[in-house]
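The values are calculated or read from the model by the stated rules, or taken from the named source; none is laboratory data. If you're wondering where the values come from, they're calculated on a predicted model, not measured in any experiment. Glycine also receives a Cβ, built like all others from the backbone with ideal geometry; neighbour counts cover every protein chain displayed. Only protein heavy atoms, including side chains, enter the accessible area calculation; ligands, DNA and RNA are left aside. Shrake-Rupley method; radii C 1.70, N 1.55, O 1.52, S 1.80 Å.
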Amino acid sequence: MKIHEYQARELLRTYGIPVPNGQVISAPSEAQAAFAAATAGMAKACAVVKAQVHAGGRGKAGFVKLVDSAAAATESATFMLTNRMKSPQTPPEGLEVKKLLVAQAAEIANRPGGGHEEFYLAITTDRKSRRNILIASREGGVEIEQVAHERPDAIFKEALHPVLGLQGFQAKNVAYKLGFKGKQVGQAAAIMQSLAKLFVEKDCTLAEINPLVLTPPTATHPDGQVLAIDAKFSFDENGLFRQKDVAALADPAEENQAELRAHKFGLSYVALDGNIGCLVNGAGLAMATMDIIKLNGGEPANFLDVGGSASEEAVTEAFSIILSDPSVKGVLVNIFGGIMKCDIIAQGIINAATKHKNPDGSTGFKVPLVVRLEGTNVDAGRKLLESARQQIPTMQAATDLTDAAKKVTASV
Ligand code: GDP
Ligand code: MN
């Protein structure tokens, strides 16, 4: 599960990590007041308007804008709320922007030798070493993926101790490697340790600050200040049951709608890029079904596990979700009736066939449907399907899994 940047900033704040102030708006008419609030007390008023979507690459796409007047803030807000944001991290059609963050702009110090003082910090799990690790780089900002790819030596890694977390000496070491000096070292190290603590306590899979910036020296902060100005978090969904405050941050508008619908009915559904819809009971069988489709030259359109004891209603819903994906050109049902009874599945198929609405207003399956049923009540299930043949003319029965995969790949 992901959250918006403004929520991520709030979370950083609760862990004592310094973040510039800002507020969220959802209409251009709110930009003027938000600009005034964000820049109150600044010698030279400057704010940043940022699209709040669950994708990065906003800066390059023109969805992060520095503005020095309320009029410019309103103009940027209008642009961002009326255009879809497209970046390498969004679907090709881009994302609709519904909320903006208007925040006090941070002044970023110039780096001796060129560029700005922008750093990258992240905590994630390294599966190879089976440790949570801190990843840090001096080359923060918008090119970090390229840096990681082309100059891996510019990326520093430090493993967190399973019990003690990121220890002070480790954080300081990394701070020195990043080039921080004087009071900056303590500030940067404290941020790293807090981020590591947050990562563990909130069941994150990723906690990223990019960029972490250094501000120019001032009278009150002669060594400058280290601030987080963008953050991205991902949370382990299996931990949400004990992270109620995190779960409350979910934005349904940013989730895949079909996945959301499936979740409501207790179905495990993951949308994929292929054209063969799969309805399977059991995650292992679903994986095997996807494998055998690929083995036979097909591409699955989804992973869908109706579970061990899905109701007839859930199965009907599952069909409706699969068929609502326009790229689905064929459907493979693979059910082993262990806990789930084959006649329930059969009834679900018949119900879906009679209830599913096609875009042209008609009802029923338009796409080929291949069914492989085996297990408890299989004879009753087959009989039910046989009696409904006229309602489902595109249906074929398969004798086994290989036969089913062959039939469905041949039909799309
Ligand atoms: P992203 O492109 O989606 O990762 O959005 P970011 O919030 O990281 O912004 C992209 C870039 O815009 C940053 O790397 C900075 O160079 C610049 N930027 C963002 N916020 C500020 C700010 O408050 N002050 C200044 N000077 N630059 C900023
Ligand atoms: Mn960023």
With Cα coordinates, the longest principal axis of the chain makes an angle with the long axis of helix 312-323, in degrees rounded to 10, of 70 degrees
One would report the Cα pair-distance distribution of the range 191-253, bin width 5 Å, in %, as 4, 15, 20, 19, 15, 11, 7, 6, 3, 0
For the pair residue 13 and residue 360, the simple spin-label estimate (label points 7 Å beyond Cα toward Cβ) gives in nm 5.6 nm
Taking Cα atoms only, helix 342-355 is inclined relative to the longest principal axis of the chain by an angle, in degrees rounded to 10, of 80 degrees
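Check each of the trypsin sites (Lys or Arg not before Pro) in the range 39-121 and keep only those in coil by DSSP with at most 12 other C-beta atoms within 10 angstrom; list them in order.
Here the sparse-neighbourhood loop sites are 44.
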Sequence order, the range 102-110: Karplus ³J(HN,Hα) from phi using 6.51 cos²θ - 1.76 cosθ + 1.60, θ = phi - 60°, Hz rounded, Gly and Pro as x, gives 10, 10, 4, 6, 8, 8, 9, 5, 6
Counting only protein heavy atoms with a 1.4 Å probe and every protein chain in place, the carbon and sulfur fraction of the accessible surface of the chain in whole percent equals 54 percent
If each part is reduced to its alpha-carbon centroid, the range 276-307 and the range 354-402 end up apart, in Å, by 17 Å
Rounded to whole angstrom, the alpha-carbon centroid of the range 216-241 lies from that of the range 133-200 at a distance of 12 Å
The distance between the Cα centres of the range 96-122 and the range 1-44, in whole Å, is 13 Å
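Would the range 278-412 count as rounded, prolate or oblate if I go by the C-alpha gyration tensor, calling it rounded below 1.5 in a/c and otherwise prolate when a/b exceeds b/c, oblate otherwise? Walk me through the numbers on the way to the answer.
On the way: a/c = 1.33, a/b = 1.03, b/c = 1.29.
Cα axes put the range 278-412 in the rounded bin.
Quick one: length gained pulling residue 389 to residue 71 fully straight, 0.36 nm per residue minus the C-alpha distance?
Here the segment from residue 389 to residue 71 would lengthen by 108.0 nm.
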Over the chain, with neighbouring protein chains present, the accessible area per residue in Å² at probe 1.4 Å is 48 Å²
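Note down, for the range 1-114, the three equivalent ellipsoid semi-axes (square root of 5 times each alpha carbon gyration tensor eigenvalue), biggest first, whole angstrom. Walk me through the intermediate numbers first.
Details: eigenvalues 92, 64, 48 Å².
Rounded to whole Å, the semi-axes are 21, 18, 15.
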Row for the range 140-246, column shape: gyration tensor on C-alpha, a ≥ b ≥ c, rounded if a/c < 1.5 i.e. under 1.5, prolate if a/b over b/c, else oblate; value prolate
All alpha-carbon distances of the range 64-138, grouped into 5 Å bins from 0, give the whole-percent distribution 3, 11, 12, 13, 14, 18, 16, 9, 3, 1, 0
Heads up, the range 237-333 by the C-alpha gyration tensor (a ≥ b ≥ c square roots of eigenvalues; a/c under 1.5 rounded, else a/b over b/c prolate, else oblate) looks prolate
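Any number yet on Rg/Rh for the range 66-210, C-alpha, Kirkwood?
Details: Rg = 17.9 Å, Rh = 17.5 Å.
Reported Rg/Rh, Kirkwood definition of Rh: 1.02.
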For the range 383-412, listing trypsin sites (Lys or Arg not before Pro) in a DSSP loop whose Cβ sees at most 12 other Cβ atoms within 10 Å gives 389
Along the range 269-284, Karplus-curve 3J(HN,Hα) (6.51, -1.76, 1.60; θ = phi - 60°) to the nearest Hz, with x for Gly and Pro, reads 10, 10, 6, 10, 8, x, 10, 10, x, 10, 10, 9, 9, x, 5, x
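Return the ratio Rg/(2.2 N^0.38 Å) for the chain, where Rg is computed over Cα atoms only.
Values: Rg = 26.3 Å, N = 412, 2.2 N^0.38 = 21.7 Å.
Dividing the Cα Rg of the chain by 2.2 N^0.38 Å gives 1.21.
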The helix 5-14 Cα axis meets the longest alpha-carbon principal axis of the chain at an angle in degrees, between 0 and 90 and rounded to 10, of 60 degrees
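Normalised radius of gyration for the range 229-277, please: alpha carbon Rg relative to 2.2 N^0.38 Å, two decimal places.
Details: Rg = 13.4 Å, N = 49, 2.2 N^0.38 = 9.7 Å.
The reported ratio for this selection is 1.39.
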